[in-house]
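Report on the following structure.
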Amino acid sequence: AQKVTQAQTEISVVEKEDVTLDCVYETRDTTYYLFWYKQPPSGELVFLIRRNSFDEQNEISGRYSWNFQKSTSSFNFTITASQVVDSAVYFCALSEADTNAGKSTFGDGTTLTVKP
Amino acid sequence: EAGVTQSPTHLIKTRGQQATLRCSPISGHTSVYWYQQALGLGLQFLLWYDEGEERNRGNFPPRFSGRQFPNYSSELNVNALELEDSALYLCASSLSKLEAFFGQGTRLTVV
């Protein structure tokens with residue numbers, strides 16, 4: 001069975017601080033996909049990034065960066081120089097290789113509050 | 001291009017009643033997924049419809065059911081509502097393994 005753990009329930013930082021959101025996953029599959037989504041107060045999940053299990057290259061997109069390490073089954077997300085607009089709930093998710101991205105196992109989410 | 005749309009935005013029902021939630025996927029997407037997000041919790045997979053058929057079901061009782069229409073829109077029905085059914089119900093559509101698109105959800109409150 002698949003499992004995604006986001007140990008940090010809530011994080012509060014002051015604007016311009018860097019913050020890392022942790023994600024640890026469990027799966028027996030050798031091929032899988034990992035995702036991060038952002039959920040603003042409006043409720044809609046916004047896709048941020050996807051990684052497949054064969055691509056351990058870290059990625060940077062503006063102030064966002066992701067660190068994927070298969071050895072520790074982790075897929076952590078860092079926001080550099082956080083801004084108030086980054087305040088949201090962030091979800092890490094895992095999907096199997098033989099299904100579409102819509103059927104994923106989600107972590108319980110990390111609520112990030114960025115204070116001005 | 002329109003995204004995934006869900007209706008209604010909010011729904012208030014009394015315990016024991018039935019609720020019907022609707023979802024229209026992105027044009028061209030044949031798969032629709034339903035998730036329940038209880039307050040403070042992650043998304044729990046409910047149902048997956050593709051080409052009009054139920055493909056997979058999460059660990060929910062039979063009073064959670066649904067269907068997909070020929071135009072790929074979908075309904076989620078919750079019968080005999082219980083207080084713990086109060087949650088945000090999210091619908092997603094997807095064409096591939098690469099990305100899923102979510103609607104803004106229907107917030108169901110059971111009183």
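Nothing in this text is a laboratory measurement; each read-out follows from the coordinates by a stated rule. On a predicted model such as this, the values are computed, not experimentally measured, just so you know. Using ideal geometry, Cβ is built from the backbone for each residue, glycine included, and neighbour counts are taken over all protein chains shown.
Remarks
- Taking chain B and dividing mean pair separation by its residue count, relative contact order in percent (alpha carbons under 8 Å, at least six apart): 37
- 3J(HN,Hα) along region A:36-45: 10, 10, 10, 10, x, x, 5, x, 6, 7 Hz, from the Karplus curve 6.51 cos²θ - 1.76 cosθ + 1.60 with θ = phi - 60°, whole Hz, x for Gly and Pro.
- Here region B:23-68 is assigned +1 on the Cβ of each Lys and Arg and -1 on the Cβ of each Asp and Glu. Its dipole about the Cα centre then comes out at about 180 debye.
- Rg of the Cα atoms in region B:46-111, relative to 2.2 N^0.38 Å, amounts to 1.17.
- Taking only the C-alpha atoms of chain B, the Rg (one decimal) and the largest Cα-Cα distance, Dmax (whole number), read 13.1, 39 Å.
- DSSP loop trypsin sites (Lys or Arg not before Pro) with at most 15 other Cβ within 10 Å excluded, longest remaining stretch of chain A: A:64-116
- Each Lys and Arg contributes +1 and each Asp and Glu -1, all at the Cβ; summed about the Cα centre of the protein assembly as shown, the dipole is approximately 400 debye.
- Here the dipole of chain A is about 80 debye; that uses its Cα centre as origin and unit charges on the Cβ of Lys and Arg (positive) and Asp and Glu (negative).
- Kirkwood analysis of the protein assembly as shown, using all unique Cα-Cα pairs, places the hydrodynamic radius at 18.0 Å.
- Chain A - Kirkwood radius from inverse mean 1/r over Cα pairs (Å): 14.3
- Computed over chain A: relative contact order in percent, which uses C-alpha pairs under 8 Å that are six or more apart: 38
- Those lysines that a straight Cα-Cα span of less than 22 Å connects to A:Lys115, excepting residues fewer than 8 apart in one chain: A:Lys16, A:Lys38
- Inter-part distance where region B:35-80 and region A:50-71 are each reduced to a Cα centre, Å: 31
- Ranking of A:Leu94, B:Leu11, B:Leu83 by count of other Cβ atoms within 10 Å, fewest first: B:Leu83, B:Leu11, A:Leu94
- With the charge dipole of the protein assembly as shown set up from +1 on Lys and Arg Cβ and -1 on Asp and Glu Cβ about the Cα centre, the Cα lying farthest toward the positive end among the listed residues B:Leu88, B:Leu11, A:Gly102 is that of B:Leu11.
- Other-chain or far-sequence residues with amide H under 5 Å of B:Gln104's (modelled H): B:Gln6
- In a DSSP loop and with at most 13 other Cβ atoms within 10 Å, the GluC sites (Glu not before Pro) in region B:22-111 are B:Glu51, B:Glu82.
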